Amino acid sequence: MHSVRINELSNHAGTSVTVRGWVTHLRSSGKVAFIVMRDGTGILQTVLVKSAVAPETWDHFARLTQETSLSVTGEVRADARAPGGYELGIADLSIIGASPLDYPIQPKEHGIDFLLDNRTFWLRSPRQVAIARIRSELEQATHDFYYSRGFLRVDTPILTAAIGERSGLFSTEYFDEGNAYLAQTGQLYGEAAAAAFGKIYTFGPTFRAEKSKTRRHLTEFWMIEPEVAFNDTHDNMRLQEDYVSFLVQRVLERRGAELKEVERDISKLETVKPPFPRIDYTDAVATLQKKGSSVQWGEDLGAEDEALLVEDYDRPIFVMNYPKEAKAFYMKENPDDPRTVLCDDCLAPEGYGEIIGGSQREDDYDKILQRLREEKLPEDAYEWYLALRKYGTFPHSGFGLGLERTVAWIVGAQHIRECIAFPRMMHRLRP
Ligand code: 4AD
Ligand code: MG
């Protein structure tokens, strides 16, 4: 018998097919029973009529429980009232795997720690499936966007000797080579690759041993980092706004059902189109102080400041040209104000805050060497990086978009821990 997935049933109306999946709901009148099942692609209502099937088939119903895995065979019928628009009239049913009645996730409110402890099962719930599908759509859209623009995807190492960002490091012994660090960013390698290939992007896991228990920090997260030879900071922001808008429009076009499942107000996404407003850091600080923030010029912006700043806008904004001391060593000094660097943070609306950090890179050998020294970074680990400024230095720019933060904004999640299948946080290494 031809076996099909639930989201393919519309191609099989009027024919008999087999569907395999797991039980989500059961009800019976004694003569007619309904088994609602899921297979990861959708929800299907199936109907078992006592008088129409063999007695053994009817008897199986009594053994079904939530999450029993089963195989059903029967005719697909269009039914406007059924979830997904189709119903299956069961001719045959077999149980694949029983599920004891103590299945951890019950139709009631569970606390977040309990849900995270049972993440393997929590993942099966409709909201989690919808979030995972939107994440996957964003990943595919990313590849489509960069591929269509002629970027090369480069996979950069996870075990590294050079440090990219200021945040905490995970280290491990590496044979006779001393310590290896789990990559905080692929950027430094991305810069080398940009000189070889012109336009590149990386897409990989990155690690930060951050002792921050906020709703936007993971210790392992996925980052997309384009790097483009000869782009300046303005080209860089144009690429960011095109990319972010492309992502949002793609999800609106293709993941309407999932946005509905997570109850997202899509009118807040429909406005996400270029150009995004650009605000100088110095002006942002003045605006924030007027709004009552205690932020001082020189400091990085915190989550509350970011939320205050975006409240007047219906799309993401760029805050540009932060003070040198607030940002990483590799950012290019701003020729118009050397206290600042040519960088931008892209802040998502509705209080979601920074989803991208980007900058033009310091391409002057002496200046970047001086910055390395000021930051007390080990020069020998950066030898190859410095050499990029020695042999044919070139203006270049790039950025990193945090995937989980972007998913959280697009699905409207309160916390990014829901936006990756198996989150890693300070106090969570299992499952
Ligand atoms: O601003 P960040 O630290 O920039 C970089 O890593 C640069 N090397 C990027 C580049 O220019 N190629 O991080 C970039 C983005 C942030 O805007 C945020 O979305 C995400 O990565 N991010 C995190 N996401 C989850 N948990 C964390 N601990 C994160 N830290 C950064
Ligand atoms: Mg940042």
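The values are calculated or read from the model by the stated rules, or taken from the named source; none is laboratory data. This one's a predicted model, so the numbers in the text were calculated from it and none came from an experiment. Cβ coordinates were reconstructed from backbone atoms using ideal geometry, including for glycine residues, and neighbour counts include every protein chain displayed. Side chains included, ligands, DNA and RNA excluded: accessible areas come from the protein's heavy atoms. Shrake-Rupley method; radii C 1.70, N 1.55, O 1.52, S 1.80 Å.
Structural remarks
- Filter result for the condition that a residue is within 16 Å of ligand 2 (Cβ to nearest atom) and in contact with a Lys or Arg (Cβ under 8 Å, 6 or more places away or on another chain), over Glu354, Glu362, Glu325: Glu354
- Candidates Glu354, Glu263, Glu253, filtered to the one that is in contact with an Asp or Glu (Cβ under 6 Å, 6 or more places away or on another chain) and under 30 Å from Pro126 (Cβ atoms): Glu354
- Filter result for His396 (more than 10 Å from ligand 1 (Cβ to nearest atom) and open to solvent by less than 10 Å² (accessible area, probe 1.4 Å)): yes
- Any hit, the stretch 138-150, residues being in contact (Cβ under 8 Å) with a residue 40 or more places away in the chain, buried (at least 16 other Cβ atoms within 10 Å of the Cβ) and more than 26 Å from Val248 (Cα to Cα): no
- Top-ranked residue of the stretch 304-322 - restricted to ones that are open to solvent by less than 10 Å² (accessible area, probe 1.4 Å) and away from ligand 2 (no atom under 13 Å from the Cβ), ranked as nearest to His234 (Cα to Cα): Ile317
- Sole residue being outside any helix (DSSP H, G or I), open to solvent by 30 Å² or more (accessible area, probe 1.4 Å) and acidic (Asp, Glu), chosen from Asp366, Asp336, Asp380, Asp345: Asp336
- Residue match in the stretch 155-163 (condition: crowded, with 19+ Cβ neighbours inside 10 Å, at pLDDT 95 or above, in the same structural domain as Thr206 (by TED's automatic domain parsing) and away from ligand 1 (no atom under 16 Å from the Cβ)): no
- Qualifying position, being open to solvent by 10 Å² or more (accessible area, probe 1.4 Å) and in the same structural domain as Arg216 (by TED's automatic domain parsing), among Gly353, Gly357: Gly357
- Residues (aliphatic (A, V, I, L, M) and either outside any loop (DSSP other than H, G, I, E, B) or within 20 Å of Ala130 (Cα to Cα) (or both)) located in the stretch 1-18: Ile6, Leu9, Val17
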